[in-house]
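The values are calculated or read from the model by the stated rules, or taken from the named source; none is laboratory data. Everything numeric here is computed off the predicted structure, so don't read it as measured data. Every residue, glycine among them, receives a Cβ derived from its backbone with ideal geometry; neighbour counts consider all protein chains shown.
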Amino acid sequence: MIMSYLFYIELDGSNPLVWRRIVVPSNYTLYRLDLAIQGAFGWKNSHLFEYCVRNPSVLKRYGLPDNFDPDPEVSDVKTTKMSKLFKEVGQRSEYIYDFGDYWKHRITLEKVDSEDVARPYCLEGAGACPPEEVIGSGLDWWRVNNGTPHFAASGKSIRDFV
C-alpha cells in the first residue's frame, strides 16, 4: 500500500527562515524526493545534491553515482527508497544542494499518512529562496532579507564583490 510522507524542510542559516512543507508518495526514491524539493523551493535541479543521515553515530551519504570517480561511501539515490532512510516520525536528514554554494537543508519527517497521493505537492511554506547561481558560497553571498540580497541592502553593487 502506498502511503504519503509529510516533510518539513528548512534552509539552514536563512533569516527570515525559508521553509517548505511537502507531501510525497511513500514509494519515492531519494532522487524523486530531490525533484519534489527542487519544485517546492523553485530551483532548477542544475547542481549536484546529497543527503546525509546520522544513525545514531554513523554518517551515511546518498547522492548520484560518479562513474569517473566512484565514492564507495555514497549510496545511489536513484535506487534508494525514502522508506529506507525515513522510518519514523521525527527522523531528520540533511539535504545539501549545490556543492559550490552549499545550500544545506534540514529535513524532518513529520507524518506518515495512509492517504495515497499520486504526486508530490507543496502544502505550505515561507520565504523566498536564494537564486540558483549566486557566485560564491551560499548564504555568505545571499542573506534572505525580505527578498533582498545582503549586498543590495548594504548599498553596494554586486560588482563591488566580483
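See the values below:
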{"item": "Hits in the stretch 83-101 (condition: buried (at least 16 other Cβ atoms within 10 Å of the Cβ) and under 22 Å from VAL18 (Cβ atoms))", "result": "PHE86, SER93, GLU94, TYR95, ILE96, TYR97, ASP98, ASP101"}
{"item": "Residues (touching a residue at least 40 places away in the same chain (Cβ under 8 Å), part of a loop (DSSP other than H, G, I, E, B) and closer than 20 Å to ARG119 by Cβ) located in the stretch 38-93", "result": "GLY42, TRP43, LYS44, VAL77, LYS78, THR80, PHE86"}
{"item": "Counted residues, the stretch 32-82 - those being surrounded by fewer than 16 Cβ atoms within 10 Å (Cβ to Cβ), more than 12 Å from the chain's Cα centre (by Cα) and not basic (Lys, Arg)", "result": "18"}
{"item": "Condition broken by LEU109, with the remaining ones in (1) touching a residue at least 12 places away in the same chain (Cβ under 8 Å); (2) under 26 Å from PRO131 (Cβ atoms) satisfied", "result": "(2)"}
{"item": "The stretch 29-60, subset among the β-branched types (Val, Ile, Thr) and at pLDDT 85 or above, residue nearest to SER4 (Cα to Cα)", "result": "THR29"}
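To keep it simple, each residue is scored yes or no on (1) at pLDDT 80 or above; (2) not aromatic (Phe, Trp, Tyr).
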position: PHE99; (1), (2): yes, no
position: GLU110; (1), (2): yes, yes
position: LEU123; (1), (2): yes, yes
position: GLU133; (1), (2): no, yes
position: VAL144; (1), (2): no, yes
position: HIS150; (1), (2): no, yes
position: ARG159; (1), (2): no, yes
